[in-house]
Amino acid sequence: MNKKLAAAIARDDRLEDAGMHADDRQTCYRHRSWADECADRHAPLTAGRVLAEALEIDRIRLGKRD
């Protein structure tokens, strides 16, 4: 990580803490990179994805097979 990216991440963190929406970040908090560089690594959160994840967790907990 270079100094410019580190400074931008710190700035986005401060702005988000002050009320900026997370979608307005120029940096990616999770991947510690520029947001446009990792945009394809983020799948949008949908009700279907949440339900699928919950069902998968239940399947694993109950030891069910497909």
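The values are calculated or read from the model by the stated rules, or taken from the named source; none is laboratory data. Quantities reported herein were computed from a predicted structural model and do not represent experimental measurements. Positions of Cβ are generated from backbone atoms using ideal geometry, with glycine treated the same way; all protein chains shown enter the neighbour counts. Remember, those area values only see protein heavy atoms, side chains included, never the ligands or the DNA or RNA. Shrake-Rupley method; radii C 1.70, N 1.55, O 1.52, S 1.80 Å.
Summary of values
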| read-out | value |
| --- | --- |
| Of all residues making up segment 32-47, the number that are in contact (Cβ under 8 Å) with a residue 24 or more places away in the chain and part of a helix (DSSP H, G or I) | 0 |
| Sole exception among (1) over 18 Å from the mean Cα position of the chain (by Cα); (2) at pLDDT below 85; (3) open to solvent by less than 100 Å² (accessible area, probe 1.4 Å) for residue 44, by number | (1) |
| For residue 19: the one exception among (1) modelled with pLDDT of 90 or more; (2) surrounded by 10 or more Cβ atoms within 10 Å (Cβ to Cβ) | (2) |
| Complete set of residues in segment 4-20 that are in contact with a strand residue (DSSP E or B) (Cβ under 7 Å, 6 or more places away or on another chain) and not hydrophobic (A, V, I, L, M, F, W, C) | 12 |
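Here's the yes/no breakdown for (1) modelled with pLDDT of 85 or more; (2) open to solvent by 50 Å² or more (accessible area, probe 1.4 Å); (3) assigned to a helix (DSSP H, G or I):
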{"residue": "9", "(1), (2), (3)": "yes, no, yes"}
{"residue": "30", "(1), (2), (3)": "no, yes, no"}
{"residue": "49", "(1), (2), (3)": "no, yes, yes"}
{"residue": "59", "(1), (2), (3)": "yes, yes, yes"}
